[in-house]
Amino acid sequence: MEEYFRKEAAQGRFPVFVRFFLSDAQNQAKALWEALEGRLPSVSKPAVSIVEQPPLDGSRIAALVQTSAEKPKFLFHSLRLTEEEAAGQDSYTQSRLLFAKYLEIIRPLGLELKTHCVRTWIYVRDIDSNYAGLVQARNDVFAEEGLSHDTHYIASTGIGGATEGRAAVVAIDFLTRPDIREPDKTYLKALTHLSPTHDYGVAFERGVRLSDGRVFISGTASIDSRGQVLYEGDVLAQAERLLENISVLLGEGGATLEMVPYFVVYLRDISDYSLVDGYMQQRFPKVPRIILEARVCRPSWLIEMECEIPPRVCL
């Protein structure tokens, strides 16, 4: 990674964000933080996120790095609960605590969740058991902060994942754009292919396009316009459908699948790795990808993907 930083610096680009994916956060996170000490470029002070989502190529650690020649316009907050904060608290309470932490950070800056938060990543340990509490907490916080299906929600991925905290069952990464105004955002729906999320009781946007051309696509699965899971038990058919869904979402944002610079792929079952890796290699041979073990919020969804389009590359 340091070698990559040097090559990017020679082109005038510096890292602004790094997310590390670990196979065993409880045993690896401390060592990773120690290894990073003094080794990330101070000129750009990149934001760092660490999550346990085992890379399915067999490695213990992988990193998603974003570099830029410009000073980032975003604030990134990777919020985690301490053992003391999380102990004895269910997923609802932990989620409320994390949103409260975020609001305590942005409010003194004159920012609000409704307008300035443009993307979240929510990681839920044992998602089959703890997702409902997260959903209810997010619904309640959004209602309190003026977000609803009559206004808008926030682009998001809610996925299985863990941190080094043994008691923590929820962790959240927030991406904030301090200079954004509501007219600068276009929410992507793809209603010919996807149902509104509030139809099945959850509160997030399928995607969002910002006025600079950046597009964020939320975690997307094999779902139809009625909110039903398609192709149960067939991971490749689900992959095909979710990419069709992403393609329609991107189209609403003035982009195409051919513009996607990388894919993050989440698999429920590690035995599907070789099938999905081969499929992605055949369909997108030149596009980087990372395939992770992470359960999707519905047990019958075998696969989920997310992506984004950098600014100023849309049609």
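The values are calculated or read from the model by the stated rules, or taken from the named source; none is laboratory data. All values derive from a computational prediction rather than experimental measurement. All Cβ positions, even for glycine, are placed from backbone atoms using ideal geometry, and neighbour counts span all protein chains on display. All accessible areas refer to the heavy atoms of the entire protein, side chains included, with ligands and DNA or RNA removed. Shrake-Rupley method; radii C 1.70, N 1.55, O 1.52, S 1.80 Å.
Normalised per residue, the accessible area of segment 276-315 is 48 Å², obtained with a 1.4 Å probe and no contribution from ligands, DNA or RNA. Each Cα pair under 8 Å and six or more residues apart adds its sequence gap; the mean of these over the residue count of segment 124-171 is a relative contact order of 59 percent. Find the centroid of the Cα atoms in segment 179-247 and in segment 99-120, then give the distance between the two in whole Å. Using only Cα atoms, the two centres lie 23 Å from each other. Suppose a student asked you for the relative contact order of segment 19-93, using Cα pairs under 8 Å spaced at least 6 residues apart; what percent would you report? Taking the mean separation of contacting Cα pairs over the length of segment 19-93, I get 40 percent.
What relative contact order, as a whole-number percentage, does the chain give when Cα pairs under 8 Å and 6 or more residues apart are counted? Contact order relative to length: 18 percent. Rounded to the nearest 500, the helix-only mean residue ellipticity at 222 nm of the chain stands at -9000 deg cm²/dmol, with each DSSP H run of n ≥ 4 adding -39,500 (n - 2.57). Ranking Thr192, Thr256, Thr197, Thr82 from most to least accessible surface, computed with a 1.4 Å probe over the protein chains only, gives Thr192, Thr82, Thr256, Thr197.
Ligands, DNA and RNA excluded, the heavy atoms of Ile180 present near 10 Å² of accessible surface to a 1.4 Å solvent probe. Taking segment 76-101 and a reference point 7 angstrom along Cα→Cβ of Ala132, no backbone N atom is nearer than 11 Å. In the chain, the portion of solvent-accessible area held by carbon and sulfur atoms comes to 50 percent [1.4 Å probe, whole percent, DNA, RNA and ligands not counted]. For segment 32-112, what class follows from the C-alpha gyration tensor (a ≥ b ≥ c being the square roots of its eigenvalues): rounded when a/c is under 1.5, otherwise prolate if a/b is larger than b/c, else oblate? Taking the square roots of the gyration eigenvalues as a ≥ b ≥ c, segment 32-112 is oblate. Among Lys189, Lys7, Lys114, Lys30, the sequence by solvent-accessible area, most first, with a 1.4 Å probe is Lys30, Lys7, Lys189, Lys114.
Of all DSSP-defined beta bridges confined to segment 1-102, some 55% are antiparallel rather than parallel.
Helix screen, the chain: DSSP H segments with Cα axial length of 20 Å or more and mean Kyte-Doolittle hydropathy at least 0.5 are 235-252. Relative to one another, the C-alpha centroids of segment 46-80 and segment 254-278 are positioned 17 Å apart. Per residue, the accessible area of segment 176-234 comes to 41 Å², computed with a 1.4 Å probe over protein heavy atoms only.
Computing FRET efficiency as 1/(1 + (r/R0)^6) for Ser225 and Lys71, where r is the C-beta to C-beta distance and R0 is 30 Å, gives about 0.15.
With both residues required to sit in the chain, DSSP beta bridges show an antiparallel share near 70%.
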